[in-house]
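Below is one structure, written out as structure tokens; comments come after it.
The values are calculated or read from the model by the stated rules, or taken from the named source; none is laboratory data. These figures come from a predicted structure and were not determined experimentally. Quick reminder, even Gly has a Cβ in these numbers, built from the backbone with ideal geometry, and neighbours come from all protein chains shown. Surface areas here come from the heavy atoms of the whole protein model, side chains and all, with no ligands, DNA or RNA. Shrake-Rupley method; radii C 1.70, N 1.55, O 1.52, S 1.80 Å.
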Amino acid sequence: MEPPSLASFDPVYCADSLEFCPYNAKQRMLIGTYQLLKTGNAAHQDTADDNQELTSADAQRVGRIYVCDVIPGAEDPGLAIVERQRIETSAIFDIKWSYNQVNGRELVGVACADGKVHIYTADDSSEDSYLSPLCVSASESTSMCCSLDWSNRLAESSHPEIVASQSDGTVQLLKLSDSSMETIHEWHAHDAEAWITSFDYWNTSTVYSGGDDARFKGWDTRMDLSSPVFNSRRHQAGVCSIHSNFHRQFMLATGSYDETVMIWDTRNMRVPVAEYNVGGGVWRLKWHPEEPTQLLVGAMYGGFHILDVAVDGLQPLECAPLPDREAGRAAVTVAKHTSFMKHESIAYGADWRQSCDDPSVGWLSQKSATGGVTKKRKGALVQQSSHMLNQAAQTPGTEKDPKKMSKVEIPVSLDIDPFSATEPFTSPLSTMDEMLLAKEVRIGDATSPESRKSAATPSPQLSVAEIAALRARANKVEIENVTLKHALLETKAELEEAEERLREKDDLIKDQEERIEDLINTRVPREDLDDFIAENKSLTEKLTENEGLLDECQRALEEYVAADEARGS
């Protein structure tokens, strides 16, 4: 059963991306838009010709950032989207929050058609000026900035790095300071549009990129960037979405115009560990903020989907690295959880709702947002799955859709009434409690199982903010523990390899010593060598004499043959 729509919003321009704020207790989201306006001679052409290729002289790319709140609507169940702020910008291709504060500031990055990355700060104290500009990347390129990603998803940093891709095929590595960005590296990554770039959140010196040349590449920013670490051709068309699983190390998802989602083990990039065809070009991929197996897909003409990516041997909520192939390759299976197809047009973006500070609307943290291109110029909120998708909208892939508009969707759980006080539902906080108790994660000063249970199940006197802080702290501890455990395993493996190399070197040295000893033992004495040389000289002289005698015999034979022939004639 396909989920119904709950509400709609008209962004006027084509909705290009949508991101819910990970910090704000309200249901606040940012909607980025894109519009290609015909100018000059193009303005007098047939407006119905959406497939007309436009040059930069014939078109102007404009966009807006909308700051909106999602609130309960008049109908039950229903929602309303209320605009709080509007910022005029260049056309927007991508929006991404920094999921860790930077020096106490909440920051969001915007990739724009002017070829630059724009950084904004968020201020919760003001409703009508929530976002304010902080800095802009320096770029003299005439290309468009197609995507960006932050390096600080799993670790805080006072100077995080930002990677951005451009429509001319280049990728930039930027470093954010207090109020400016500097370019650390810039290199030619693809021979066509570089649609997507992303960090490996577990090893941020590794950067991935995908382009319209159907190449999926990996780069080590500590090395020479003239050639990639790997260059995969497994996708049969342009690669336009990449996302590292921040719950499970070594797991990576990619998507392409070939309509295939591929799951990779980053320790071996020759072949993917799983593939799934979603029936449309995969423009957006987002892993669930809490559940490691849930993957949200914006599949262009194929609609929106939530996929279950299960790993044999790992529990659904288990935040653990992908099992090592050497220890027996774990089976990875992909299955469709649910779909939303009501955009009736191109579905480009999707994201998950991050949190909810009000237990009375705890279902909101189980919702999802989707979006796509439609000529109806409107958005909609829809019921969909048991998880919340936060970002969704149309991201234009080319300059061919100047009139198409967008639709923004937010699905909710199908088996509950979100505004009913009598209808039971499973709170995400309760789910986290059970997980913490099962794993015996220590919170605060809890030492015994009883105290851990008490700490993991907050008393009614605790505020919702304190409860959320405890959950965030427990999740952070869990991630740190997994990271440390894996680091120890890697260190142990490196030590074993070093010991093996030392043993090989010891064996080589022993072989060398034995050869030297053999040479010493078999050495010919000097006097014997002199006799051998003298004997060899004598033999050489005798051989020369014998060769002379042979020549004389040959001449005598020839003379005899000649005389015999003369007598016969």
Worksheet item: Based on what the data block shows, is Glu193 surrounded by fewer than 24 Cβ atoms within 10 Å (Cβ to Cβ) and outside any loop (DSSP other than H, G, I, E, B)?
Response: no
Worksheet entry | Residue in the range 211-247 that is surrounded by the fewest Cβ atoms within 10 Å (Cβ to Cβ), counting only those that are small (Gly, Ala, Ser) and either in a loop (DSSP other than H, G, I, E, B) or without any contact (Cβ under 8 Å) to a residue 12 or more places away in the chain (or both) | Ser226
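Each row is one residue, and each column tells you yes or no for (1) assigned to a strand (DSSP E or B); (2) open to solvent by less than 10 Å² (accessible area, probe 1.4 Å).
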site	(1), (2)
Cys135	yes, no
Ser141	no, no
Ser158	no, no
Val171	yes, yes
His185	yes, no
Discussion item. Suppose we keep only residues that are among the acidic types (Asp, Glu) and within 16 Å of Trp264 (Cα to Cα) within the range 294-325. Which one would you say is most open to solvent (accessible area, probe 1.4 Å)?
Written reply: Asp312
Worksheet item: Take the residues of the range 218-265 that are of a type outside the set (A, V, I, L, M, F, W, C) and under 11 Å from the mean Cα position of the chain (by Cα): which is farthest from Val477 (Cα to Cα)?
Response: Gly255
Practice prompt. Looking for whichever is open to solvent by less than 20 Å² (accessible area, probe 1.4 Å) and either charged (D, E, K, R) or modelled with pLDDT under 85 (or both) here; the options are Asp94, Asp46, Asp58. Which one fits?
Written response: Asp94
Worksheet item: Would you say Ser205 is surrounded by fewer than 21 Cβ atoms within 10 Å (Cβ to Cβ), under 21 Å from Lys217 (Cα atoms) and of a type in the set (Gly, Ala, Ser)?
Response: yes
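Test Tyr66 against the criterion of being at negative phi, assigned to a loop (DSSP other than H, G, I, E, B) and modelled with pLDDT of 75 or more, and give yes or no.
No; evaluated as a whole, the condition is false for this residue.
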Discussion item. Looking at the structure I just gave you, is Trp287 within 23 Å of His190 (Cβ to Cβ) and not polar (S, T, N, Q)?
Written reply: no
Discussion item. What's the number of the only condition in (1) at pLDDT below 75; (2) more than 58 Å from the chain's Cα centre (by Cα) that Ala556 fails to meet?
Written reply: (1)
Item to complete: Could you please give the count of residues in the range 517-532 that are surrounded by fewer than 10 Cβ atoms within 10 Å (Cβ to Cβ) and part of a helix (DSSP H, G or I)?
Response: 6
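Which residue, of Glu259, Glu291, Glu275, is in contact (Cβ under 8 Å) with a residue 60 or more places away in the chain and surrounded by fewer than 22 Cβ atoms within 10 Å (Cβ to Cβ)?
One residue alone meets the criteria, Glu291.
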Fill in: Count of the range 12-38 residues which are open to solvent by 10 Å² or more (accessible area, probe 1.4 Å), modelled with pLDDT of 70 or more and either closer than 23 Å to Glu127 by Cβ or not in a strand (DSSP E or B) (or both)
6
Discussion item. Every residue in the range 98-134 that is among the aromatic types (Phe, Trp, Tyr) and modelled with pLDDT under 95, please.
Written reply: Tyr99, Tyr130
